[in-house]
Structures are given as C-alpha cells and as structure tokens.
Amino acid sequence: TASREQLRVRYGHIIVFLQKGPLVLVSASKSHQSELQLRSELLHVYHQIVSMLTQASINRIFQCRKNYDLRRLLFGSERVLDALLDVMETEAGFLLSAVQCLPLAPSTRDTISQILQKAITPNLVLSILLYNGQLVSIVQEKMVIEDARLKSTDLHLLLNLIRASSAFQTGEIWTPICLPCFNPDCYFYTYVAYLDPPDCTICLVLLSTDKDAFYAVAECKRKIEEGVRTHNALQCISKVQLCQVCHVGVAELRHFLFKPLDVPDHHSQLPQFTSPEVEAPYSTEEKRIYLMDLYWHLHSRIHSTLRPIKLLYHATQRETLLALVTGKFEMYACFSPLVTKSTAIGAVTKLLRWIKKEEDCLFIRSPPKYSTTPPEARGFSNSRVQTNKTLFGTI
Amino acid sequence: MLMISPRMASGMQEKQYTPSLLSFFIYNPKFGPREGEEEKKILFYHPSEVEKNEKIRNVGLCEAIVQFTRTFCPTKPAKSLHTQKNRQFFHEPEENFWMVMVVRNPMIEKPSKDGKPATIEYQEEEILDSVYGAVLRQCYSMYKLFNGTFSRAFEAGGVELLRQKLEKFFYRYLQTLHLQSCDLLDVFGGISFFPLDKMTYLKIQSFVNRVEESLSLVKYTAFLYNDQLIWSGLEQDDMRILYKYLTTSLFPRHTEPELAGRDSPLRPEVAGNLLHYGRFLTGPANLKDPEAKFRFPRIFVNTEDSYEELHLIVYKAMSAAVCFMINASVELTREFCEQLDALVGPQLTLLASDICEQYNINRRISGPEKEPQFKFIYFNHMNLAEKSTIHMRKTASVSLTSVHPDLMKILGDINCDFARVDEDEEIIVKAMTDYWVVGKKSDQRELYVILNQKNANLIEVNEEVKRLCATQFNNIFFLD
C-alpha cells in the first residue's frame with residue numbers, strides 16, 4: 001500500500017494516514033481542510049514528538065524493539081500534543097508557515113535587539129524575546145544561519161512546548177529541545193525565563209548547543225534583564241497597541257491575514273505575517289475555529305497543487321471572503337456579507353497602503369546576528385543524542 | 001488512455017495518461033459471512049481474469065474500510081479512498097449490496113534520462129470525487145433501468161440469476177464508460193430541454209393526450225425533439241436515466257439512415273404512398289416483413305413504490321421522437337404495432353415539421369444568437385434542466401468541450417463548495433491563465449460562466465455576468 005492514504009467518508013469526514021519512519025499517524029476530521037492540509041498537520045504532530053525525542057532516537061528505538069510502546073517516553077507530554085492540535089485550529093501561523101511579530105516602533109525593537117545581541121556566550125545560537133506569543137526580537141548566530149535557516153515550524157513547535165508546560169511559568173528552565181526542521185537528530189539546550197513575574201507575559205528563550213552552559217546562559221539573562229530595565233523596555237512592550245482591523249479604514253472588513261512574499265533571500269528573515277485582533281462576530285473560541293477553517297479552505301484552493309488560482313471571491317449569507325496571491329504578497333480577507341464587490345476590491349488597496357505605512361512596526365526586516373561559534377566547531381550534523389533524559393525538569 | 005503531451009524537450013516527450021478504469025466489482029458481504037466462503041460474496045468482478053484470491057482480498061479490503069469508517073459516522077460510511085496510484089469509489093445502492101469502482105489516477109511518464117529509468121508521477125489531487133462518484137451511481141441507475149433492483153433479481157432467481165444479469169449488463173456497459181472525459185455535467189445528470197413557444201407546446205400536449213386515449217395500453221409517454229426533452233409523464237429520476245440512455249446510446253445508433261440520401265439503400269422502406277416518415281427505433285425494424293421477429297426492450301420504473309416493468313417503444317419521425325411505455329405483462333403484437341404506426345406516423349410527421357418551422361421563426365425573431373459569446377453551464381435542481389454552451393457534442397463516446405480541462409475542474413471545485421451549504425452563494429475565481437470563472441447558486445439553480453477577459457477586474461467581470469443573466473436568465477440570480 002502507498003505510504004500516504006486518505007479515506008474520505010461521505011458528507012465531509014476525512015480520515016488521513018501519514019507514515020513517518022516507524023510511526024503511523026492518523027487524523028479524522030470534519031473540517032473544511034483538504035487532505036494535504038490534514039497531512040501537514042499530522043506532520044506537525046510528528047515534528048512535535050521529534051522536538052521532544054529526536055528522530056534519531058525514535059528510529060533507533062524501533063530498530064531495536066519493533067513493539068516498543070512510545071507512550072512510555074511521551075508520558076507527561078500529552079498536553080503538549082493536545083495544545084498543538086488546539087493551536088493549529090486557531091492560529092494562522094501554521095496555515096501560512098510564518099510568524100507574527102508584535103507591532104513595535106523600530107527604535108524600541110532595535111534597542112531590545114542590541115541588548116540581546118550583546119548578551120552572548122560561546123555556543124549560544126538563538127535569542128528570542130516574546131510578548132504573549134508574538135515575536136519582539138530574534139537574534140541568531142551568524143554561522144548557524146549560513147548553515148541552515150531557522151524555519152517557522154520550529155519556532156511554532158518551540159513556543160507550543162513552552163506554552164503547554166506550565167512548569168515554565170516559575171523560575172528558570174533549562175531543558176533539551178530538538179528543532180526538527182533545522183536538525184531532527186540533535187538537541188539544543190534551551191533556557192526559558194519570564195522577565196515580568198508574576199504576569200509572565202514577556203518570555204526570554206535562549207538556545208545553546210552546550211549542555212553544560214546553564215550558568216553562562218543564565219548570566220546572559222541577567223545582562224539582558226539589566227539592559228531592559230535601563231531602557232525601560234518592559235513598559236514599552238506592555239503598552240504596545242495591537243493591530244485592530246478598524247485601523248485599515250474599511251467598515252465592512254472584519255479580519256484579514258497578510259503575508260509579504262517579496263523578501264530578498266539574503267535578508268534571511270523568518271517568513272512573517274500580520275493579522276489584527278479577532279473581534280466580533282468571531283470572538284468566541286468556536287467562532288475563531290470557524291474563521292480559521294474558512295481561511296484553511298481559501299488557502300487550499302489558492303495553493304492547489306494541480307490547479308492553483310490567483311484570486312478567489314466567495315460571497316455567502318454569513319460573510320464574504322477574498323483571497324489573493326501575487327508575486328509580492330498573499331492575503332485573505334473576511335468581510336460582512338453585505339459588502340459590495342467594489343468595496344472589497346477597494347479594501348485591498350487600502351490594506352496595502354496601510355501595511356506599507358506600518359511595515360516597519362509590523363515586520364522584522366533584517367534580523368540582527370551575533371557570532372559565538374568558533375570556526376572549528378561549525379556543523380551541527382554531529383548529533384548529541386540523549387536517550388535517558390527528563391523532560392521539563394526545573395533546575 | 002494515452003495522450004501525447006505538447007511538452008516536448010529535445011525529442012523526448014512526456015506522456016500524459018488520462019484516468020482509466022482499473023477494476024469494478026459488486027459484492028454483498030451477507031452472501032459469504034463465514035470464513036472460507038468469501039468467494040460467495042462476489043457478484044461481479046471486472047477484470048474477470050484477476051486471480052480469485054486477489055479478488056477476495058480486494059473485496060475484503062473494501063469491507064474493512066467500510067467497517068472502519070462506520071466507527072466515525074455510523075449512518076454514512078465511506079465514499080472514496082484516495083491512494084497515490086488510484087482512487088476507489090464506494091456506493092451502497094441497496095442494503096448490503098456494494099459497488100466499487102477503482103480508477104487509476106492520471107499520470108505523467110517522464111522519459112528516461114542519462115541512463116536513469118523513466119519515472120512516473122501520479123497526479124493524486126487531479127480527479128474530483130463528485131464527478132466519479134456520480135458516474136458510479138449512474139452505473140447502478142442504468143443497470144436498474146433495464147434489470148430492476150438487485151434484491152428483486154435475488155428474490156426471483158437467487159444469487160445465480162443476479163450474477164447472470166450483472167455479468168450480461170456490466171460486461172458491455174463498462175466498455176462504454178469514458179472516464180477521461182467525465183466532468184461537471186456527470187455530477188448533474190441533467191436533461192436538456194427544447195425551448196418552445198406556448199402554441200407548439202399545447203399542440204404536443206394534445207397529440208400525447210390523443211394517442212394515450214386511442215391506445216389505452218400506453219401508460220407513460222415522453223416526447224423529445226432533436227435529443228432534447230419536451231414532455232415526460234415519468235418520474236424525474238426515471239426520466240433522467242432514460243434520457244441518458246436515449247441520447248447516448250439509442251439515438252446515436254439510429255441517426256445514419258435519416259441522413260442518407262434519397263436513393264441510398266440505407267433509406268428505410270416506407271409505405272407505398274409515403275404517408276409519413278415515422279418508424280420504430282425499438283421493436284420492429286420493418287413492419288412489412290411478417291416473418292421478422294421483434295421485441296421491445298424492458299425497463300423498470302418507480303422502483304421505490306409501485307415497481308413497474310414496461311415495454312419501451314421508441315418511435316421517431318424526422319427529428320421528433322416519442323417514447324410509449326406499456327405494461328410488460330401485455331404481449332405486443334404485430335397488429336398493435338401496425339395500429340400505432342398508422343395512428344402516430346402521420347401526426348408525428350406533421351408535428352415534427354411544425355416544430356421545425358416554429359423554431360426557425362422564433363430564431364429569426366429573437367435575432368442572431370447571443371449565446372455563443374458566453375461560455376456557460378446552467379443547471380436547475382428542481383426540474384433537472386441543464387444547458388451548456390461549452391460542450392459541443394454529447395455522444396456515447398466523447399463529450400467535447402471548448403475549454404481547457406483545468407477550467408472544467410475549477411468548475412467542479414466550485415460545485416463542491418456550493419454543495420456544502422444549502423444557501424445562495426457566489427464564487428468568483430481568477431485562474432493562473434487569467435481566465436475568470438464565475439459560479440452563482442440561487443434557489444436550486446447553478447450557473448457557471450467562463451470569461452476570457454484577461455485584463456478585466458472583479459467589477460468588470462461582475463458586470464459581464466449580470467448582462468448574461470439579464471438576457472438569458474431573466475434575473476433569476478439576485479446576488480450582486
């Protein structure tokens with residue numbers, strides 16, 4: 001039998017199978033997602049498992065013992081996978097393979113980035129600051145970027161892992177995490193701490209390749225804390241006004257997703273998107289899932305493998321949807337059902353104009369870098385695989 | 001079926017294979033529930049040369065899939081199975097009787113290069129479930145039209161009779177399936193109606209009434225002109241499958257003699273004083289020969305309630321064709337046929353030329369056809385009326401379309417989106433080739449328009465379609 005199979009059941013249930021190495025993943029869904037989209041969700045679940053165990057471990061375990069019950073190693077991590085399934089239903093980042101930044105004045109962001117850039121230690125490869133899950137700043141090691149770019153999937157899985165483990169709320173955490181798209185066979189050692197206890201909204205994540213570097217990395221955190229206090233950065237962050245759809249100036253526009261595509265490759269950016277806060281009539285959890293489901297469907301039509309299209313306009317009794325892809329961007333917009341076609345098309349122009357005006361705040365254009373790896377230690381294909389380790393242990 | 005793709009590179013070309021039928025089988029798990037009895041479940045299997053154990057395995061797999069999917073939705077089991085190389089479609093037309101059609105996915109064979117063998121790329125997402133699911137359901141409908149239900153055959157003569165009937169019908173019918181040219185029209189399974197003015201319609205009505213009065217044996221009548229339906233006394237579902245049979249099988253077989261020249265030997269023998277041009281398409285080919293044997297095909301209608309078996313008499317004069325359906329328990333004699341011929345022949349001949357004349361007058365009045373400018377497909381779920389200016393010819397073998405197959409598939413995608421909710425909707429798509437496709441659904445009617453206006457924007461496209469709706473569809477579609 002083929003390694004990929006899907007069953008479609010009458011009236012919209014789809015059952016999808018995905019085989020990755022020794023694992024078979026199955027998904028049963030009633031949503032409007034296509035088989036390809038469901039398969040990519042299964043792939044995310046697989047990658048999240050890899051982020052906790054590494055692919056090399058999984059393959060080796062099953063090579064030795066074909067009947068091994070992987071639940072033994074995954075014990076305690078069900079909430080991570082549950083959280084992943086939930087967040088894939090409501091967050092557009094998975095759909096667009098992109099991350100969302102906190103809208104921040106460029107000067108503030110630059111100040112914070114410089115603080116992160118200066119707080120380094122050998123073998124530190126990634127420094128990330130987040131506010132409520134949105135990216136404030138990300139600084140990457142120069143050599144690492146040249147070897148292999150950080151993918152948005154890895155970031156999403158990393159954030160999900162952190163978010164789903166409530167142990168991370170207090171104190172500092174030092175834990176191995178694998179970044180599956182970057183390198184599925186080895187661990188990074190991750191330092192996580194919140195800079196604003198007890199609110200715990202501003203999260204610092206530092207990744208190192210050195211398992212024994214806890215104290216050195218904790219020292220980086222201390223330096224960052226000091227820098228952030230000096231510049232009053234925490235206040236700036238928490239006072240930030242999030243995007244609201246009314247800022248665009250189109251009355252019937254209810255929500256949108258916008259992802260720029262014309263990013264020159266040498267900027268080595270993470271793919272990013274922007275989207276306003278979700279408001280009525282989609283403010284409940286159920287309605288948020290419903291809205292995302294609409295976007296999933298638009299996306300699958302626009303990016304269909306065999307018959308992709310440039311524009312899709314869908315007017316229903318409940319809302320009117322517009323999806324558009326060009327060489328420069330892709331966007332998905334949701335309007336009230338009473339919108340006229342000319343208003344909808346006009347909205348595209350207004351949105352582009354607004355994005356252009358705000359783009360320095362909405363996107364991180366050139367992520368800063370630092371250099372911490374001595375030249376001879378380049379290359380992360382040497383795996384440092386751990387088989388006996390505790391997940392989410394606090395130090 | 002093999003088509004050479006226009007993509008050629010230095011003499012080596014890619015070969016594009018269209019979807020084709022891999023296998024088709026019918027089974028009932030209740031007929032062989034115990035281990036060792038699996039072969040008894042299989043009622044029909046194509047291709048028959050397949051080894052017995054493989055047949056059993058394939059049927060077993062289908063059973064397992066149906067069971068598995070029932071755990072998620074007990075009332076609505078599996079409809080299709082997608083794998084890399086093929087698609088399987090499942091249909092349970094009667095309780096416990098399952099029909100499965102396996103279609104090979106379209107594929108591209110890339111030629112061998114630098115010593116590497118030729119590679120095959122399967123296009124898994126290409127074919128539409130809605131289209132081939134409809135084709136499978138139609139296989140059952142066509143079988144049932146000529147053979148009645150599976151259960152009745154089983155009741156009358158057990159598994160053996162059922163197997164015989166299935167073999168006899170499907171062996172031939174499967175050869176007529178042209179899976180590479182199935183599209184949205186197969187989803188609709190609609191009927192093309194002939195546009196008529198009120199007077200002519202009334203003439204036809206009164207003709208039908210007169211004939212039904214004089215020939216009291218006639219239970220149902222249907223009147224067609226030029227492969228299009230004008231009037232039918234049958235239930236919709238029965239008429240739609242009968243219509244498909246008439247237009248794709250019976251009528252095409254009988255067109256040649258009519259087009260033949262006056263002195264051609266193909267010209268049918270007519271009565272000495274040339275009273276009329278009427279003749280039987282089913283039944284006696286030559287009434288003058290007393291020795292010739294004849295029989296009428298039998299059809300089964302109203303299978304859900306009254307379950308009637310009828311003789312199907314199809315009688316034609318010029319472009320007009322009438323179907324008379326008579327209870328099969330009655331024996332139809334030569335005398336009866338002669339009586340029918342004498343009664344119907346002259347009236348139908350007159351009526352046919354009346355219709356032709358009236359049609360030409362109407363066309364002259366309404367002016368030059370505006371239709372050809374717009375490529376559209378229209379379907380009305382309530383009366384099954386369908387109209388397409390995209391399909392140029394519909395015969396048993398092929399349905400030629402004047403648009404790129406990818407655009408037809410986009411139409412299919414839009415139709416699937418419409419099918420999800422039972423509300424008025426509108427979908428507009430701009431394809432990669434800059435063609436625009438507009439789909440409108442309003443009140444049980446669907447309209448699909450393809451516009452070749454590469455530089456137009458959404459507003460302009462909308463205006464064009466509004467214009468089409470105003471002239472052709474009298475503002476049925478209200479959404480702006």
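The values are calculated or read from the model by the stated rules, or taken from the named source; none is laboratory data. Computed from a predicted model, the values in this text were never measured in an experiment. Cβ: placed from backbone, ideal geometry, glycine included. Neighbour counts: every protein chain shown. Surface accessibility is based on the protein's heavy atoms, side chains included, excluding ligands, DNA and RNA. Shrake-Rupley method; radii C 1.70, N 1.55, O 1.52, S 1.80 Å.
Structural remarks
- Whole-angstrom Cα spans of the protein assembly as shown along principal axes, big to small: 114, 68, 56
- Remark: chain A carries a charge dipole of roughly 800 debye about the Cα centre, counting +1 on each Lys and Arg Cβ and -1 on each Asp and Glu Cβ.
- Rounded to the nearest whole Hz, the Karplus-based 3J(HN,Hα) values (6.51 cos²θ - 1.76 cosθ + 1.60, θ = phi - 60°) of region A:224-241 follow the sequence 5, 4, 4, x, 5, 5, 4, 8, 6, 5, 4, 5, 4, 5, 6, 8, 4, 9, with x at glycine and proline.
- Estimated 222 nm signal from helices in the protein assembly as shown, with DSSP H stretches of n ≥ 4 weighted -39500 (n - 2.57), rounded to 500: -11500 deg cm²/dmol
- The trypsin sites (Lys or Arg not before Pro) of region A:176-251 that DSSP puts in a loop, and whose beta carbon has at most 14 other beta carbons within 10 Å, are A:Lys239.
- The alpha carbon gyration tensor of region B:300-357 gives principal lengths a ≥ b ≥ c with a/c of 1.5 or higher and a/b no greater than b/c, which makes the shape oblate.
- Rounded, prolate or oblate (a/c below 1.5 giving rounded, otherwise prolate when a/b exceeds b/c) for region A:6-88 by Cα gyration tensor: prolate
- Dipole of the protein assembly as shown, positive direction: furthest Cα of B:Val322, A:His156, B:Phe89, with charges on the beta-carbon: A:His156
- Using only alpha carbons, region B:2-178 has a radius of gyration to Kirkwood radius ratio (Rg to Rh) of 1.04.
- Stretch gain in nm, segment A:Val263-A:Asn132, where the contour uses 0.36 nm per residue and the Cα spacing is subtracted: 44.6 nm
- For B:His178, no residue 5 or more places off, or on another chain, has a built amide H under 5 Å of its own.
- Each peptide among B:95-106, B:279-290 gets the average number of other Cβ atoms lying within 10 Å of its residues, and from highest to lowest they stand as B:95-106, B:279-290.
- When only alpha carbons of region B:198-366 are considered, Rg and Dmax amount to 16.0, 51 Å.
- Amide proton proximity set for A:Phe329, modelled H, under 5 Å, gap of 5+: A:Leu261
- For the pair A:Arg288 and B:Met382, label points projected 7 Å from Cα toward Cβ lie 4.4 nm apart.
- Average other protein chain Cβ within 10 Å of Cβ, residues A:24-34: 1
- The amide H of A:Val99, built 1.01 Å from its N in the peptide plane, has A:Gln272, A:Phe273 as neighbours under 5 Å, considering only residues 5 or more places off or on other chains.
- Counts of other chain beta carbons within 10 angstrom of each beta carbon in peptide B:76-85 average 6.
- Normalised contact order of region B:198-366, rounded percent, pairs of Cα under 8 Å and 6 or more residues apart: 25
- Only alpha carbons enter this Debye calculation for region A:1-145, each as an equal point scatterer, and the log10 of I(q)/I(0) it gives at q = 0.08 Å⁻¹ is -0.35.
- Ranked by the mean number of other Cβ atoms within 10 Å of their residues, highest first, the peptides A:30-36, B:310-316 fall in the order B:310-316, A:30-36.
- If R0 equals 60 Å, the separation of the Cβ atoms of B:Leu350 and A:Arg365 corresponds to a calculated FRET efficiency of about 0.15.
- Residues in region B:216-232 carry Karplus couplings, in order, of 5, 5, 5, 8, 9, 10, 9, 10, 10, 9, 6, 6, 10, 8, 10, 8, 8 Hz; the curve used is 6.51 cos²θ - 1.76 cosθ + 1.60 with θ = phi - 60°, and Gly or Pro positions show x.
- Protein heavy-atom accessible area occluded, A/B pair - total, 1.4 Å probe, Å²: 4000
- Placing a label point 7 Å from the Cα of B:Thr71 along the Cα-to-Cβ direction, none of the residues of region B:20-48 has a backbone N under 11 Å of that point.
- Area of A:Ile289 that stays accessible when all protein chains are in place (1.4 Å probe, Å², to 10): 50
- Rg/Rh, computed from the Cα trace of region B:374-472 with Rh as the Kirkwood radius, has the value 0.95.
- Residues of region B:412-460 that lose at least 40 Å² of accessible area (1.4 Å probe, protein heavy atoms only) when the other protein chains are present, relative to their chain alone, are B:Asp413, B:Asp417, B:Arg420, B:Glu423, B:Glu425, B:Glu426, B:Ile428, B:Lys430, B:Met432, B:Leu458, B:Ile459.
- Overall form of chain B per C-alpha gyration tensor (a/c, 1.5; a/b vs b/c): oblate
- Simple Cβ-charge dipole of the protein assembly as shown, Lys/Arg +1 and Asp/Glu -1, about Cα centre, in debye nearest 20: 1400
- The accessible-area ordering, largest first, of the residues B:Glu63, B:Glu463, B:Glu291, B:Glu126 stands as B:Glu291, B:Glu463, B:Glu63, B:Glu126, per a 1.4 angstrom probe.
- Counts of other chain beta carbons within 10 angstrom of each beta carbon in peptide A:302-309 average 5.
- Distance violations [Cα-Cα > 30 Å] among A:Lys151/A:Lys328; B:Lys316/B:Lys375; B:Lys55/B:Lys409: B:Lys316/B:Lys375; B:Lys55/B:Lys409
- Its Cα centre serving as origin, region B:2-178 has a Cβ charge dipole (Lys and Arg +1, Asp and Glu -1) of approximately 220 debye.
- Computed from label points 7 Å out along Cα-Cβ, the spacing between B:Glu95 and B:Glu463 is 6.0 nm.
- In nm, spacing of pseudo-spin labels at A:Arg318 and A:Leu74 (7 Å Cα→C-beta vector): 3.1
- Sequence-ordered 3J(HN,Hα) estimates for region A:312-329 from the Karplus curve with 6.51, -1.76 and 1.60 and θ = phi - 60° stand at 9, 10, 10, 9, 10, 6, 9, 7, 10, 10, 9, 10, 9, 10, 10, x, 9, 7 Hz, glycine and proline given as x.
- One Cα centroid belongs to region B:295-324, the other to region A:234-254; the line between them spans 69 Å.
- Among A:Ile302, B:Gly32, B:Pro297 the positive-end extreme of the charge dipole of the protein assembly as shown (Cβ point charges): A:Ile302
- Counting only protein heavy atoms and a 1.4 Å probe, the protein assembly as shown has 47 square angstrom of accessible area per residue.
- Once the Cβ-Cβ distance of A:Asp196 and A:Glu172 is raised to the sixth power relative to R0 = 22 Å, the FRET efficiency obtained is 0.95.
- Cα-only Debye scattering, chain A: base-10 log of I(q)/I(0) at q = 0.06, 0.08, 0.11, 0.12 Å⁻¹: -0.25, -0.45, -0.86, -1.03
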